[in-house]
Amino acid sequence: MTRQEDTWLDQLQRAAFEYFLRTTNPRNGLVADNSRMDSPVSIAVVGFALSAYPIAVERGWMRRDAAVQCSLSALRFFRDSDQSGGPVATGFKGFYYHFLDIHSGARVWQSELSMVDTALLIGGMLVASQYFDAETADERELRALVDFLYRRVDWCWAQDGADTIRQGWKPECGFLHYGWEGYSEAILLYALALGSPTYPIARDCYKNWTLTYQWENLYDFDCLYAGPMFIHQFSHAWIDFRGIRDEFMREKRSDYFENSRRAVHIQREYARRNPREFAGYDENCWGLSACDGPSDEHLDIANEQRRLYGYAARSVPYGPDDGTLSAPCVLASLPFAPEVVLQSLRNMLERYPEVLQDSRLASGFNPTLAGAEGRTWVAAGHFGLDQGIVFLMIENHRSERVWQLMRANPYIRAGLQGAGFRGGWLQSSAGGAR
Amino acid sequence: MSSRDDAASVSAEAYAREHRANTRPADWRNPSAGGRYQLAIVGAGPAGIAAAEFAASLGIKVALIERKAIGGVNLNIGSVPSKTLIRTTRAYADMREAWRFGASVPGDVRVDFAAAMERVRRVRARLSRDDSAQRLAAAGVDVYFGEARFTASDTLTVGGKALAFRKALIATGARPHVPDIPGLAEAGYLTDENLFELTELPRRMLVIGGGPLGCEQAQAFCRLGAQTTIVQNKPLFLGQEERDAAQILSETFARDGIEVRLNTTALAVRTASGTKLVDLISDDYRNTIGVDAILTGAGRTPNVEGLDLAAVGIDCDASGRIRVDDFLRTGNANIFAAGDVCLEHSFVDAARASARIAVENSLLRRNRRWSGLVVPSCTYTDPEIARVGLSVREANRLGVPVKTFTIPMHEIDRAVTDSETSGFVKVHVRGRTDQILGATIVARHAGDMINGVTLAMVAGIGLRRFSRVLHAYPTQADAIRQVADAYNRTRFTPRVRARVRRWIESRWPAQ
């Protein structure tokens with residue numbers, strides 16, 4: 001990496017971090033889902049924020065005691081939160097509702113108790129407890145709170161007697177039946193559920209989940225298939241998958257990190273082919289993932305009416321694809337394919353400079369939907385998930401710091417081993433330097 | 001009534017008359033049974049007819065007994081009318097989307113529902129000639145109309161008259177299974193048994209069940225102009241298919257304007273001012289929709305009533321299907337079963353194939369196994385979804401290592417020239433071999449394309465050899481050969497490439 005590139009990444013990473021500072025409620029440590037007015041809290045974004053504070057301390061963007069206080073606010077809030085599972089509670093069985101009111105922390109939008117989003121939150125807590133290791137009263141309290149909150153999560157309950165973990169629950173109707181199957185961002189969820197000292201799920205639960213995987217040769221790449229790019233990134237923000245393999249990957253002679261690298265190339269190949277003939281797509285302008293996109297206008301090209309999906313998980317090669325691309329998902333692929341990512345992002349920002357606002361990447365942009373003055377459609381404001389994944393993946397690319405911290409976490413190690421992961425850093429006793 | 005309407009109703013009556021004359025002649029007199037039949041077949045649907053024709057061609061003395069009309073569900077209420085109507089709806093869809101093919105959209109695309117239904121009756125009458133009672137009789141089959149009932153291991157009665165047999169085959173098929181929803185019966189509903197008797201297009205239609213039949217008919221009626229909603233009580237529709245297949249279809253459904261309600265259950269139905277009001281629940285969300293017609297009954301209930309199966313030692317499984325072994329033998333060694341009455345898959349081709357196996361095993365002392373058959377299937381939505389062999393899910397469950405080679409249809413020149421790029425060909429092979437385990441194809445004519453894969457599976461042709469089979473260019477079926485090419489490219493590992501390079505250089509050293 002050149003110094004110029006590092007400076008550029010530093011700027012993007014710092015701007016991403018600013019998102020958390022601007023959107024956090026200092027009284028309870030909760031962070032808004034997005035920068036728009038009246039945004040609720042997304043518990044996953046809180047997880048990203050908790051992971052970001054230690055890195056910000058390392059980079060000199062935040063004082064250690066301020067970072068500890070920010071983290072403590074959130075952790076104390078979750079400790080004291082209403083865990084009754086009622087319609088306006090905060091959580092149940094150690095899990096939390098997906099969206100909360102930023103002031104009261106009560107459930108909003110009738111959102112579901114989200115297993116995956118709780119896992120991202122707990123992931124962030126574990127980073128904090130791993131980093132803040134000083135023998136001060138505050139940092140001791142922080143570590144004890146994280147341990148308490150992790151141990152409180154009843155992962156077994158979330159299995160509901162089924163083969164795999166359910167994805168959601170609502171007080172109004174019980175467990176939701178999303179019927180998700182196939183590879184997803186849930187490896188972190190399974191690792192946490194298997195590593196739990198209090199409510200560990202059975203090992204065959206992970207095996208059952210991997211039974212829904214599809215190993216595909218697509219555009220001449222062998223890949224564990226998942227359409228949207230974020231699936232290939234989220235667990236990787238916390239877990240260093242280089243060289244460690246579960247039974248599935250051992251059989252395929254690959255690993256999840258290499259798989260994400262191939263997913264990048266599949267995205268590029270799709271954009272190069274651009275089967276739906278959208279504006280802007282090429283091998284250096286790609287990124288189909290969960291992002292905000294246009295919804296209220298109707299796209300009309302050459303007499304063709306196309307549907308627009310708003311905030312949705314866009315996917316290759318079968319869609320949904322409405323011409324909207326996610327620049328954050330390109331940048332968050334940095335550890336997997338640094339040269340390709342830097343080249344692509346540079347190209348995208350040269351062509352569509354309006355995608356970068358306040359040095360932060362907009363969630364989505366749609367060049368096919370250009371206004372009368374020729375400016376491409378760009379999502380308003382910023383989203384915490386985008387800024388969070390960009391922040392952590394830039395850090396992992398620059399210093400591997402988040403990976404290092406999590407490699408040393410005994411719960412994560414136990415969880416991965418429980419899932420059948422072997423080799424690589426899991427073989428060394430401490431998982432690398434702290 | 002206009003003169004055109006008059007003419008239409010006259011021809012409709014003529015087609016109906018011809019259809020009845022072929023499938024259930026009014027003046028039919030049952031043969032006077034003389035002696036014992038070597039084979040008695042109960043049910044003259046696709047399985048019964050196939051068995052009868054096969055047996056007669058071998059010179060076997062065979063009786064075919066039908067309760068209603070020759071042809072069964074397939075001809076009278078199933079595949080034939082439904083595919084006929086689907087063709088009409090594709091024509092309308094193409095007209096409306098003519099811009100996709102560089103053609104101008106006709107100014108006034110008005111659906112003529114009566115004409116569409118008349119064509120259904122015409123096609124049904126035309127196809128009923130092939131398997132008419134008269135033609136079967138001429139081929140040497142004794143055709144009986146009436147209710148059959150087993151009285152002993154070698155005797156059954158038809159309309160009270162005894163009929164002795166050496167072996168019997170039960171091929172009575174299945175009928176729509178109507179879900180138990182309070183108020184549904186009172187409000188009235190359609191199944192595929194009466195759907196094609198409609199004379200007017202319902203303005204709003206609710207389809208309960210997101211399986212193949214529900215999806216096909218929902219799309220067809222939507223394209224005819226009905227405001228259509230599918231309610232499916234599972235998280236995905238077409239649960240048996242690949243998730244990507246359902247994803248592609250859901251996009252097409254959205255373009256067609258079909259509203260798909262997943263994870264949704266119909267709780268109750270009531271009627272107010274001529275509108276059927278259906279209460280729906282999805283997780284914690286309840287609402288009521290008003291429709292003019294409800295289509296249901298995608299599930300199947302086997303037709304076993306009145307046969308007195310228990311009297312001859314034949315039992316049924318929990319879903320009511322006759323229990324058979326892999327040789328299609330029932331609990332009674334003299335009596336076999338074939339088709340929907342005993343099979344999990346409700347496909348015409350499977351019914352016919354099972355009938356031939358049953359005839360061979362019962363009379364020719366062969367030991368052909370049902371499980372040895374490779375059975376393709378197709379959901380005739382637009383695009384079609386065709387499948388053969390194992391799915392990845394099944395392979396994983398069986399512990400068979402599986403790898404999928406995928407070619408999206410946008411890679412295929414002919415799909416691009418036809419503006420039919422939505423879809424894919426996925427071929428699943430065993431682990432690191434080229435042995436084909438199964439395939440799924442999503443394409444406008446996937447049902448035709450899957451046959452190439454089925455042939456390869458039956459003939460034991462692996463992907464490696466398949467790539468040497470030239471396919472006419474440009475065709476959409478060439479996608480399957482391109483899958484084979486993709487497989488072959490994976491064989492050119494860096495080590496293989498290095499070896500080839502060394503060999504070339506040793507023979508023709510670089511100057």
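The values are calculated or read from the model by the stated rules, or taken from the named source; none is laboratory data. Keep in mind the model is a prediction, meaning the values are calculated, not measured. Quick reminder, even Gly has a Cβ in these numbers, built from the backbone with ideal geometry, and neighbours come from all protein chains shown. Remember, those area values only see protein heavy atoms, side chains included, never the ligands or the DNA or RNA. Shrake-Rupley method; radii C 1.70, N 1.55, O 1.52, S 1.80 Å.
Per-residue ellipticity at 222 nm from helix content only, as computed over chain A with -39500 (n - 2.57) for each DSSP H run of at least four residues, stands at -13000 deg cm²/dmol.
Around the Cα centre of the stretch B:88-175, unit charges on the Cβ atoms of Lys, Arg, Asp and Glu (plus for the first two, minus for the last two) sum to a dipole of about 80 debye.
Cα centroids of the stretch B:262-341 and the stretch B:106-160: 23 Å apart. The A and B chains share an interface that buries close to 3000 Å² of accessible area, total over both sides, probe 1.4 Å. Each of A:72, A:120, A:89 was placed along the dipole of the stretch A:1-146 (beta-carbon charges, centred on the mean Cα), and the one lying farthest toward the positive end is A:89.
So what's the net charge close to residue B:159: Lys and Arg +1, Asp and Glu -1, counting the other residues with Cβ under 13 Å from its Cβ? Kindly include the intermediate steps, with their values, before the conclusion.
On the way: positive: B:29, B:67, B:149, B:161; negative: B:66, B:147.
With Lys, Arg at +1 and Asp, Glu at -1, the neighbours total +2.
Across the accessible surface of the stretch A:232-273, with the other protein chains kept in place and a 1.4 Å probe, carbon and sulfur atoms take up 39 percent. Expressed in units of 2.2 N^0.38 Å, where N is the residue count, the Cα radius of gyration of chain A is 0.93.
At q = 0.16, 0.17, 0.20, 0.21 Å⁻¹, what log₁₀ I(q)/I(0) does the stretch B:126-186 have when each alpha carbon counts as one equal point scatterer in the Debye sum? The Cα Debye sum returns log10 ratios of -0.76, -0.80, -0.92, -0.96. Note on residue A:37 and residue B:68: their simple-model spin labels are 6.3 nm apart, each label 7 Å out from Cα toward Cβ.
For the pair residue B:286 and residue B:459, the difference between a 0.36 nm per residue extended length and the Cα-Cα distance amounts to 57.0 nm. Across the stretch B:284-368, Cα pairs under 8 Å and at least six residues apart give a relative contact order of 20 percent. Please name whichever of A:325, A:341, A:364 sits farthest to the positive end of the charge dipole of the stretch A:317-434, dipole taken about the Cα centre and charges placed at Cβ: Lys and Arg +1, Asp and Glu -1. Projecting each Cα onto the dipole axis, the largest value belongs to A:341.
Would you mind giving the average projected area, over all directions, of the Cα convex hull of the stretch B:352-511 in nm² with one decimal? Mind dumping the intermediate values first?
Details: hull surface 54.8 nm².
Mean projected area for the stretch B:352-511: 13.7 nm², to one decimal.
Remark on the stretch B:467-511: accessible area falls by at least 30 square angstrom from chain-alone to full-complex state for B:489, probe 1.4 angstrom.
In deg cm²/dmol, rounded to 500, what helix-only [θ] at 222 nm does chain B give when every DSSP H run of at least 4 residues adds -39500 (n - 2.57) and the total is split over its residues? Computed ellipticity for chain B at 222 nm equals -11000 deg cm²/dmol. For chain A, the longest principal axis of the Cα atoms and the long axis of helix A:115-131 meet at an angle of about 70 degrees. Multiplying the residue separation of residue B:254 and residue B:366 by 0.36 nm and subtracting their alpha-carbon distance yields 35.3 nm. Three semi-axes describe the equivalent ellipsoid of the stretch A:320-431; taken as square roots of 5 times the Cα gyration tensor eigenvalues and ordered largest first, they are 36, 13, 12 Å.
Using the 2.2 N^0.38 Å rule of thumb for compact globular proteins, work out how the protein assembly as shown stacks up: its C-alpha Rg over that value, please.
On the way: Rg = 31.7 Å, N = 945, 2.2 N^0.38 = 29.7 Å.
Normalised by 2.2 N^0.38 Å, the Cα Rg of the protein assembly as shown equals 1.07.
Interface residues of the stretch A:218-254, defined as those with an accessible-area decrease of at least 10 Å² between the chain by itself and the complete set of protein chains (probe 1.4 Å), are A:218, A:219, A:220, A:222, A:225, A:251, A:252, A:253.
Taking label points 7 Å from Cα along the Cα-to-Cβ direction, residue A:2 and residue B:333 give a separation of 8.7 nm. Dipole magnitude for chain A: about 960 debye, using +1 per Lys or Arg Cβ and -1 per Asp or Glu Cβ, origin at the Cα centre. Among the residues of the stretch B:252-286, those with an accessible-area drop of 10 Å² or more from chain alone to full protein complex, heavy atoms and 1.4 Å probe, are B:254, B:255, B:263, B:283, B:284. Rounded to the nearest Hz, the phi-derived 3J(HN,Hα) couplings of the stretch A:252-259 under the Karplus curve 6.51 cos²θ - 1.76 cosθ + 1.60 (θ = phi - 60°) are 8, 6, 9, 9, 5, 5, 4, 4, where x marks glycine and proline. Per residue, the convex hull spanned by the Cα atoms of chain B measures out at 206 cubic angstrom. With respect to chain A, whose longest principal axis is taken over its alpha-carbon atoms, helix A:43-58 is tilted by about 80°. Counting only alpha carbon atoms, the long axis of helix A:338-351 and the longest principal axis of chain A meet at about 50°.
Note on chain B: dipole from Cβ charges, positive end direction compared against B:214, B:504, B:361; the farthest Cα belongs to B:504.
Remark: spin-label model distance residue B:475-residue B:240 equals 2.7 nm, labels positioned 7 Å along the Cα→Cβ axis.
Taking each residue in B:402-410, count the Cβ atoms of any other chain within 10 Å of its Cβ, then average. What number comes out? It would help to have the intermediate numbers written out before the result.
Numbers: counts 3, 6, 7, 5, 9, 3, 8, 3, 7.
Partner-chain Cβ atoms within 10 Å, mean over residues of B:402-410: 6.
What the Cα atoms of the stretch A:5-152 give is an Rg and a Dmax of 14.9, 49 Å. Note on chain B: with neighbouring protein chains present and a 1.4 Å probe, carbon and sulfur make up 50 percent of its accessible heavy-atom surface. Summed over all non-identical Cα pairs, the Kirkwood treatment of the stretch A:54-107 gives a radius of 12.4 Å. Rounded to the nearest 20, the Cβ-based charge dipole of the protein assembly as shown about its Cα centre (Lys and Arg +1, Asp and Glu -1) stands at 3220 debye. Beyond 19 Å in Cα-Cα separation lie the following of the pairs B:234/B:426; B:234/B:276; A:252/B:403; A:207/B:234; A:93/A:170: B:234/B:426; B:234/B:276; A:207/B:234. Taking only protein heavy atoms into account and a 1.4 Å probe, give the accessible area per residue of the protein assembly as shown in Å². Per residue, the protein assembly as shown has 40 Å² of solvent-accessible surface.
Taking every C-alpha pair closer than 8 Å and separated by at least 6 residues, the mean separation divided by the residue count of chain A gives a relative contact order of 17 percent. Using only the alpha carbon atoms of the stretch B:281-353, find the Kirkwood hydrodynamic radius as the inverse mean reciprocal pair distance, in angstroms to one decimal. With all distinct Cα pairs of the stretch B:281-353 included, I get 14.9 Å.
Within the shell defined by Cβ-Cβ distances under 12 Å, the residues around residue B:376 carry a net charge of -2, with Lys and Arg each +1 and Asp and Glu each -1.
A protection proxy built from the mean count of other Cβ atoms within 10 Å ranks the segments A:165-173, A:123-131, most packed first, as A:123-131, A:165-173.
Charge tally around residue B:174: other residues with Cβ under 14 Å, Lys/Arg +1 each, Asp/Glu -1 each, net -1.
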